[in-house]
Amino acid sequence: MKQGEKRVLLVVLTAFIAVIVLTISLERNNQRANPRMENNQRMQATLGVNKERQAMQHIPKDINPQDLPDAQGSGASKLVLYCVQCHDLPIPTMHSQQEWPQVLQRMRAYMDERRGGLLNRMIIPAAQDWQTLESYLIQHGQRGLEPGTLTDLNSPQGTLFAQTCGQCHALPDPRQHRASEWPRTVLRMQRNMQLAGVEAPERSTLDEIIDYLQRHAH
């Protein structure tokens, strides 16, 4: 190699190293300038993961896919295809209609971050499949109780309802079912609690909850 070529190579190498050093320095300065932002981001991520782990503990075991709403539809099929790769089959009423978009956003971020790693052999939903899942879960999600809707929520029956039903999902609005539908719905929830390993209330407590829901049903 000629002397001139060596000089050019040395200049290029020196410039390359200088760029790397400058980039590292700027990144460190940015981290020092924004520690609170980083801490907040970590905290939000941790809260999201912890919330989802807590919800997963309440997923009923051995749910039959045929028991899902619109079991033959595209939304239910995609729920079975994708979600059971990481945990038991969730049911739409695990979260309220307002909560499902945020839950899916956390799940999507989780899968994207681990793409090519632990989830290398998993099927990652396409963009249109995420939309199908969101539409399905919102449609069949728990219709959450709006604050102030029930004026007697602090009554003995209202307290039983809130403490029991709030263990696994958002409090349901009693008006989402007819009075005649609530006994069967509550008994189904009792079965789901047993499948999820959550202590189910005694029959006398269930009767009080059913009576409360029926009085406020549409």
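Tabulated data for the structure shown
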read-out	value
Cβ-Cβ under 9 Å pairs, at least 6 apart or on other chains, region 187-199 side in a loop (DSSP other than H, G, I, E, B), far side of a type in the set (D, E, K, R)	Ala196/Lys61; Ala196/Asp88; Gly197/Lys61
Residues (in a loop (DSSP other than H, G, I, E, B) and surrounded by 13 or more Cβ atoms within 10 Å (Cβ to Cβ)) located in region 96-117	Gln97, Gln98, Glu99, Arg114
Selected residue (only one of Asp67, Asp129, Asp173, Asp152 is without any contact (Cβ under 8 Å) to a residue 40 or more places away in the chain and out of contact with any His (no Cβ under 9 Å at 6 or more places or on another chain))	Asp67
Flag if Thr164 is hydroxyl-bearing (Ser, Thr, Tyr) and surrounded by 18 or more Cβ atoms within 10 Å (Cβ to Cβ)	yes
Hits in region 127-142 - residues which are open to solvent by 40 Å² or more (accessible area, probe 1.4 Å) and either more than 16 Å from the chain's Cα centre (by Cα) or aliphatic (A, V, I, L, M) (or both)	Ala127, Gln128, Ile138
Subset of region 195-205 (residues that are surrounded by 13 or more Cβ atoms within 10 Å (Cβ to Cβ) and either under 17 Å from Thr93 (Cβ atoms) or in contact with a Lys or Arg (Cβ under 9 Å, 6 or more places away or on another chain) (or both))	Leu195, Ala196, Val198, Ala200
Condition met for Arg121 (in a loop (DSSP other than H, G, I, E, B) and either more than 26 Å from Cys168 (Cβ to Cβ) or in contact with an Asp or Glu (Cβ under 7 Å, 6 or more places away or on another chain) (or both))	yes
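The values are calculated or read from the model by the stated rules, or taken from the named source; none is laboratory data. It should be emphasised that the depicted structure is a prediction, and the values quoted were computed from it without experimental measurement. Cβ coordinates were reconstructed from backbone atoms using ideal geometry, including for glycine residues, and neighbour counts include every protein chain displayed. To get the accessible areas, we keep the full protein, side chains included, count just its heavy atoms, and leave off ligands, DNA and RNA. Shrake-Rupley method; radii C 1.70, N 1.55, O 1.52, S 1.80 Å.
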